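Report on one structure; see the data block that follows.
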Amino acid sequence: MKPTNIFLLTWALLSLNNNPIVAQNEQPNILWIVTDDHRYDAVRAFNTILTGDEMSELGYVESPNIDKLTKMGTTFINAYAHAPGCAPSRASMHFGRYPFRSGVYEFEYHNNKAAHYKPTFPEQLAAMGYQTLRIGKLGVRLKTIKNGKSRPYDIYQNNMDFKKLRKDGFTGWGKDWFYEIEGKKVSPPYKSMEYFVTEKGEFEYISERLENEFPKYKGVAERAMKKYDLLRWHNKKKGPETPFSPGILGGVSSRKAGETRDGFYVKIFEDYLKNKEQQFTFGSQTIDGIDTDKPQFFYLGFDFPHTPVLPPASYRKRFQKHTYKIPLLDQNELKTMPKQMRRQVMAGYTDHFNTSDKQKMIQDYYAFCAYGDDLIGKSVDAFIAYNEKQNKPWLIVYVNGDHGWKLNDHGSASKFTPWDIDVHNPIVVVSSDKTKFPEGKVVKDFVEFVDIAPTILSEAGADLNSEKFAYLDGMNMAAIASGETHKRDYIIGESHAVTGPRAFIRTKEYVFSMQTRPHKKRGQDLGWAQNASYEELDPGLYHMPSDPKEVNNLAFNKKHKKVAQKMKQKLMDIVLGDNRVEVEWSSKGSNATGTTIFKSNYAPEAHDYKLKL
């Protein structure tokens, strides 16, 4: 080729997208966003893809910023969580491993000294040269062991911790342990005491014990109940509704938009991107400033729309204008519902709420989601502006909830089950490089939360084919989008939280779930399910084409017997027989010093992504 032609080709490549060619070979700056308890139907773009109607089946929703992301990048509409509880779900994302491979099944504390342990993907990124920052909720209860004792362990190099932020008053609501009141030590401490923080920064403590022991606080909880128009959980299990009842399903924030805990996460992120100093301070926390010689990995862990559901007044007022269709519970569903799932439903039971309270619960939830959408937009705008100014390639991975949430679906306000509303959580990937994640593309193939780690690592430059990353259970979503990897016939999951040990396998037509263990004692009776009767497995089988709400349990229907048996066997072989790991992490609470591993591998490579029914 002539020198002139070489020059012209080089100039054309440099001019493409106004980015220098070297930028395409650089490690991109990465923003990973995860929301909490977020239903997919709170997002218009997802509804349009799934149902053809931009609104939820329940009614009005608002999501202009997430909708914008779907136009900018690739939407993986059939992405699923493995464990519908905050801690186990976030562990599967961070580790890139199924619960039955990591040994993290619920809210247990665990450590990085067990023989099977592999680093979280943010740690892998740090080893690849990234500077890592976490703002907000983490939810991964990882510890380390020093001198035989369990000690805190940081997954990220820099942390703006939500617990410290709320103690500093950068929130509208908080919950913490208090070891002294008005300068006086108290014993035992006040455990998980709620409080509201007013616009003036005053703390309003919610504690029946506090009101009994310190007369000056008498009536604070009652006044807060009225002031913030709170709807608290109440049922046979949780007891009658009082100002001290656990869990807030509706109400108004004590702070204006932008000054809630999630609002402060965004303010911190925006300020951090603008900071040019070697250190960055917000409240009582100081972290390293951005090292411009390193690629950046930012993780934003939003709390919304997790309880307490407290949208700012400006959002709440707008959504109170809308009347929603309330999901109905057919009592016949309870009769055929698997026992474990019925136990969870009754724990979060809301079907006895009056119509007004159900409306409030739904209105406030979607208002909270709309507020969060605005915060996501601000975060994304700040991130893209930063990279354009720095002339850096970038990647955004947005995960719509660590799992879903029921709004009286199946009669409950809760999560923790394998029903679609609890585990269906679309993912959107947006990149400055549009070749891997094209604008406006929708991928309908199955995606799992374990795919997040390999996707981000690959974009950061990791060779996923190397032995170093062989432990990862997921796939690169870029390869899923291009059709260059396996097509899954099913997705799988297992969680032990609230329901007790239960696993599920889901195809495009059926979902089957069953009890996997007789108890939660790690390593004991590992072969129980193989020898248990079908009835003892407490099976659930739902056929989505004829039953999209998953209310009619067909597990004992003779017409579906072959399907149920085939799905049961496949599920058992995978979660119980294909390199299953259980660890006795802790004998008590957060003292996670156990490293004894129990394994079951009677059906190696059973997980082959193939299941023909």
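The values are calculated or read from the model by the stated rules, or taken from the named source; none is laboratory data. Since we're looking at a predicted model, the values are computed, not measured. Note that we place each Cβ from the backbone using ideal geometry, even for glycine, and neighbour counts take in every protein chain shown.
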Notebook entry, point to check: Is it the case that some residue within region 173-196 is in the same structural domain as Ala460 (by TED's automatic domain parsing), surrounded by fewer than 17 Cβ atoms within 10 Å (Cβ to Cβ) and among the small types (Gly, Ala, Ser)?
Noted result: no
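Could you list all residues from region 226-240 that are in a loop (DSSP other than H, G, I, E, B) and either more than 25 Å from Gly348 (Cα to Cα) or out of contact with any helix residue (DSSP H, G or I) (no Cβ under 9 Å at 6 or more places or on another chain) (or both)?
Tyr228, Trp233, His234, Pro240
For region 563-577, what are the residues that are in contact (Cβ under 8 Å) with a residue 40 or more places away in the chain and not aliphatic (A, V, I, L, M)?
Kept after step one, since they are in contact (Cβ under 8 Å) with a residue 40 or more places away in the chain, are these residues of region 563-577: 563-564, 566-568, 570-572, 574-576.
Passing the criteria: Lys566, Lys568, Lys570.
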Note to self: Among the numbered criteria (1) in a helix (DSSP H, G or I); (2) of a type outside the set (A, V, I, L, M, F, W, C); (3) buried (at least 24 other Cβ atoms within 10 Å of the Cβ), which one does Pro84 miss?
What the structure shows: (1)
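If only one of Gly301, Gly251 is surrounded by 18 or more Cβ atoms within 10 Å (Cβ to Cβ) and either among the aliphatic types (A, V, I, L, M) or within 26 Å of Met160 (Cα to Cα) (or both), which one is it?
Working: Gly251 fails: either among the aliphatic types (A, V, I, L, M) or within 26 Å of Met160 (Cα to Cα) (or both).
Of the residues listed, the single one that is surrounded by 18 or more Cβ atoms within 10 Å (Cβ to Cβ) and either among the aliphatic types (A, V, I, L, M) or within 26 Å of Met160 (Cα to Cα) (or both) is Gly301.
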Next item on the list: State yes or no: is Ser379 without any contact (Cβ under 8 Å) to a residue 24 or more places away in the chain and either under 24 Å from Lys294 (Cα atoms) or assigned to a helix (DSSP H, G or I) (or both)?
Entry: no
Check: Within region 425-514, which strands (runs of 3 or more DSSP E) (wholly inside it) include 1 or more residues that are over 30 Å from Lys568 (Cα atoms)?
Finding: 427-431
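How do the strands (runs of 3 or more DSSP E) wholly within region 241-294 filter down when requiring 3 or more residues that are modelled with pLDDT under 95: which remain? Outline the logic, then answer.
Numbers: elements: 248-250, 279-282, 285-288.
Those strands (runs of 3 or more DSSP E) do not exist here; none qualify.
Within region 116-135, take every residue that is assigned to a strand (DSSP E or B) and among the β-branched types (Val, Ile, Thr) and give me the one that is surrounded by the fewest Cβ atoms within 10 Å (Cβ to Cβ).
Going through region 116-135, the residues assigned to a strand (DSSP E or B) turn out to be 131-135.
Those still in the list that are among the β-branched types (Val, Ile, Thr) too: 132, 135.
Numbers: Thr132: 23, Ile135: 27.
Filtering first and then ranking leaves Thr132.
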Next item on the list: Would you mention how many residues in region 521-544 are among the aromatic types (Phe, Trp, Tyr) and within 20 Å of Ser600 (Cβ to Cβ)?
Entry: 1
Next item on the list: Please specify each residue of region 177-225 satisfying the condition of being closer than 29 Å to Ala257 by Cα, touching a helix residue (DSSP H, G or I) at 6+ places or on another chain (Cβ under 9 Å) and not in a helix (DSSP H, G or I).
Entry: Phe178, Met193, Glu194, Tyr195, Phe196, Val197, Glu204, Tyr205, Ile206, Ser207, Gly219
Checklist line | Hits in region 67-106 (condition: touching a helix residue (DSSP H, G or I) at 6+ places or on another chain (Cβ under 8 Å) and either of a type in the set (A, V, I, L, M, F, W, C) or not assigned by TED's automatic domain parsing to the domain that holds Asp445 (or both)) | finding: Leu69, Phe76, Ile77, Ala79, Ala81, Ala83, Ala91, Met93, Phe95, Phe100, Val104
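Given the options Glu582, Glu550, name the one that is among the charged types (D, E, K, R) and in a strand (DSSP E or B). Explain how you work it out, then say what you get.
Numbers: Glu550 fails: in a strand (DSSP E or B).
Testing whether each residue is among the charged types (D, E, K, R) and in a strand (DSSP E or B) leaves just Glu582.
Taking the criterion of being among the charged types (D, E, K, R), modelled with pLDDT of 95 or more, in contact with a strand residue (DSSP E or B) (Cβ under 8 Å, 6 or more places away or on another chain) and not in a loop (DSSP other than H, G, I, E, B), would at least one residue in region 383-392 satisfy it? Even if it seems obvious, please write down each step before you answer.
In the first step, residues of region 383-392 are kept if they are among the charged types (D, E, K, R); the result is 388-389, 392.
Checking which are modelled with pLDDT of 95 or more leaves us with 388-389, 392.
Keeping just the survivors that are in contact with a strand residue (DSSP E or B) (Cβ under 8 Å, 6 or more places away or on another chain) gives 392.
Filter once more, keeping what is not in a loop (DSSP other than H, G, I, E, B): none.
No: zero hits.
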Checklist line | Residue that is part of a helix (DSSP H, G or I) and within 29 Å of the chain's Cα centre (by Cα), where the choices are Gln569, Gln530, Gln565 | finding: Gln569
Notebook entry, point to check: Does Phe244 satisfy being in the same structural domain as Tyr365 (by TED's automatic domain parsing), of a type in the set (Phe, Trp, Tyr) and in contact (Cβ under 8 Å) with a residue 24 or more places away in the chain?
Noted result: no
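With respect to Phe504, determine if the residue is surrounded by 23 or more Cβ atoms within 10 Å (Cβ to Cβ), outside the structural domain of Met572 (by TED's automatic domain parsing) and not basic (Lys, Arg).
Working: surrounded by 23 or more Cβ atoms within 10 Å (Cβ to Cβ): yes; outside the structural domain of Met572 (by TED's automatic domain parsing): no; not basic (Lys, Arg): yes.
Here the answer is no, as Phe504 does not meet what is asked.
Restricting to region 89-115, name every residue that is assigned to a helix (DSSP H, G or I) and either surrounded by fewer than 24 Cβ atoms within 10 Å (Cβ to Cβ) or under 9 Å from the mean Cα position of the chain (by Cα) (or both).
Ser89, Arg90, Met93, Arg101
Yes or no: Ser466 touching a residue at least 40 places away in the same chain (Cβ under 8 Å), more than 23 Å from Asn47 (Cα to Cα) and either of a type in the set (Val, Ile, Thr) or surrounded by fewer than 20 Cβ atoms within 10 Å (Cβ to Cβ) (or both)?
Details: touching a residue at least 40 places away in the same chain (Cβ under 8 Å): no; more than 23 Å from Asn47 (Cα to Cα): yes; either of a type in the set (Val, Ile, Thr) or surrounded by fewer than 20 Cβ atoms within 10 Å (Cβ to Cβ) (or both): yes.
Taking the combined requirement at face value, the residue does not satisfy it.
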Check: In region 349-371, which residues are surrounded by 24 or more Cβ atoms within 10 Å (Cβ to Cβ) and in a loop (DSSP other than H, G, I, E, B)?
Finding: Thr350
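Quick check on region 159-177. Is at least one of its residues farther than 30 Å from Glu194 by Cβ and either modelled with pLDDT of 95 or more or of a type outside the set (Lys, Arg) (or both)?
Pass one, region 159-177, residues farther than 30 Å from Glu194 by Cβ: none.
No; the residues of region 159-177 include none that is farther than 30 Å from Glu194 by Cβ and either modelled with pLDDT of 95 or more or of a type outside the set (Lys, Arg) (or both).
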